[in-house]
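The values are calculated or read from the model by the stated rules, or taken from the named source; none is laboratory data. The structure displayed is predicted, hence computed values, not measured ones. Neighbour counts run over all protein chains shown; Cβ positions are idealised from the backbone, glycine included. Surface areas here come from the heavy atoms of the whole protein model, side chains and all, with no ligands, DNA or RNA. Shrake-Rupley method; radii C 1.70, N 1.55, O 1.52, S 1.80 Å.
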Amino acid sequence: MVNYGSYALRSAVITVSWIPVILTFTEHVCYVAKIEGSSMRPTLNPTDSFNNESDWVLLWKFNLKQAKNWKENDVVLFKSPSNPKKVYCKRVKGVQFDQVKTRSPYPKDTCLIPRNHLWVEGDNVYHSVDSNNFGPISTGLALGKAVKIVWPPSRWSADLNMSEGRGDIKVFPTMEHS
Amino acid sequence: MSWLNIGSYVVRTVCLIHITHTHFYEFTETRGESMLPTLNRVNDYVHVLKWYKDGRDLKMGDCIVAMKPTDPQSRVCKRITGMEGDLILVDPSQEDDEEAYETFIRVPKGHVWVTGDNLSHSLDSRTYNSIPKGLIKGKIVAANDFSKPLSTFWGFREITNSYFDEK
């Protein structure tokens with residue numbers, strides 16, 4: 001019986017010692033996230049299902065502070081600039097040094113995106129709080145890149161690039177900035 | 001003990017240290033002249049509390065560590081000199097024209113205005129505008145200077161809030 005007790009204690013300590021490893025993995029490599037709201041319709045949460053089933057996506061988080069790992073039409077989850085406790089899910093419509101056409105309520109017609117910033121918009125253009133409200137966001141706010149829908153199973157085959165919101169909004173898509 | 005075993009201990013220790021550093025407490029080196037005279041240009045080490053991550057419970061005058069918005073991989077130490085809703089007069093000393101005295105910025109919701117203590121050698125909100133609270137990593141509560149003798153606890157001193165404590 002004595003051995004049994006020490007065995008239990010030993011197992012508990014070993015289990016606890018792996019918790020930081022799991023946390024590090026979920027913070028820097030990959031994790032899942034639940035998508036709420038309709039701003040990414042029709043790509044994510046395409047219908048108001050009667051039992052309120054939301055989409056869950058697989059988030060890729062590795063090395064996202066670097067702007068070169070972001071490209072147009074990636075789906076990004078990021079901390080809201082106006083409230084760090086809130087997480088928004090939008091589509092990247094422009095990366096650093098791009099110039100994009102904006103939409104009301106943004107005060108200017110075009111916006112030149114600063115270094116290490118992203119221009120983000122929802123696919124459901126008219127029901128979305130995005131960069132047109134708060135301007136380009138720093139890549140430091142990004143939490144992850146949505147790469148795949150993992151739940152519910154009926155949505156496994158869904159394509160995350162099925163809609164591109166307002167399409168190509170870059171002003172000089174081929175112009176070189178450096 | 002096999003190499004696999006040693007490797008597993010190393011991984012667990014490194015991850016434990018990393019999680020402590022991101023969520024609880026960090027002791028780290030600082031460099032640069034932007035926080036003179038509060039922090040030295042070299043040799044200073046700061047104690048950072050991570051409870052204040054994402055701008056939680058922060059006040060005007062607190063010293064913070066944040067990700068630089070234009071380069072999130074580097075971190076900056078600054079002091080909060082404006083909270084959300086404040087109206088900021090952006091440094092008129094840099095330019096000669098009178099208009100600079102009439103340039104004001106309203107700090108948006110969820111943002112803070114940060115400047116270095118050494119205003120003439122600091123790259124801060126005056127260049128990259130107010131920063132979102134989501135970029136804040138923690139609050140600096142104390143600092144050590146290891147070039148000082150042991151009798152003074154290696155130059156240990158508290159970093160105080162310059163707005164509320166020193167008034």
Subject >> Selected residue (criterion: nearest to the other protein chains (Cβ to nearest Cβ)) from residues of the range A:77-117 that are closer than 24 Å to A:LEU59 by Cβ and aromatic (Phe, Trp, Tyr) >> reply: A:PHE78
Original post:
Are any of the residues in the range A:13-28 open to solvent by less than 50 Å² (accessible area, probe 1.4 Å) and either more than 14 Å from chain B (Cβ to nearest Cβ) or touching a residue at least 60 places away in the same chain (Cβ under 8 Å) (or both)?
Top reply: no
**OP:** Would you point out which residue out of A:SER104, A:SER163 is in a loop (DSSP other than H, G, I, E, B), closer than 20 Å to A:ASP55 by Cα and of a type in the set (Ser, Thr, Tyr)?
**Re:** A:SER163
Original post:
Say we look at the range B:126-167 and pick out the residues that are in a helix (DSSP H, G or I) and among the charged types (D, E, K, R); which of these is most open to solvent (accessible area, probe 1.4 Å)?
Top reply: B:ARG126
Original post:
Across the range A:118-168, which residue is nearest to the chain's Cα centre (by Cα) among those that are within 11 Å of chain B (Cβ to nearest Cβ) and open to solvent by 20 Å² or more (accessible area, probe 1.4 Å)?
Top reply: A:LEU143
Original post:
Is it fair to say B:SER74 is within 12 Å of another protein chain (Cβ to nearest Cβ), open to solvent by less than 50 Å² (accessible area, probe 1.4 Å) and in contact with a strand residue (DSSP E or B) (Cβ under 6 Å, 6 or more places away or on another chain)?
Top reply: yes
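On the basis of being open to solvent by less than 20 Å² (accessible area, probe 1.4 Å) and assigned to a helix (DSSP H, G or I), does B:ILE6 make the cut?
Working: open to solvent by less than 20 Å² (accessible area, probe 1.4 Å): no; assigned to a helix (DSSP H, G or I): yes.
No; evaluated as a whole, the condition is false for this residue.
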Subject >> Subset of the range A:29-74 (residues that are assigned to a loop (DSSP other than H, G, I, E, B), hydroxyl-bearing (Ser, Thr, Tyr) and in contact with a helix residue (DSSP H, G or I) (Cβ under 9 Å, 6 or more places away or on another chain)) >> reply: A:SER38, A:SER39
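Do you know which of the residues in the range B:77-92 that are over 14 Å from B:VAL114 (Cβ atoms) and touching a residue at least 12 places away in the same chain (Cβ under 8 Å) is farthest from the other protein chains (Cβ to nearest Cβ)?
Restricting to residues being over 14 Å from B:VAL114 (Cβ atoms) and touching a residue at least 12 places away in the same chain (Cβ under 8 Å), the top hit is B:LEU89.
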**OP:** Sort through A:ASP74, A:ASP98, A:ASP48 and tell me the only one that's within 14 Å of the chain's Cα centre (by Cα) and either surrounded by fewer than 19 Cβ atoms within 10 Å (Cβ to Cβ) or closer than 27 Å to A:ARG115 by Cβ (or both).
**Re:** A:ASP74
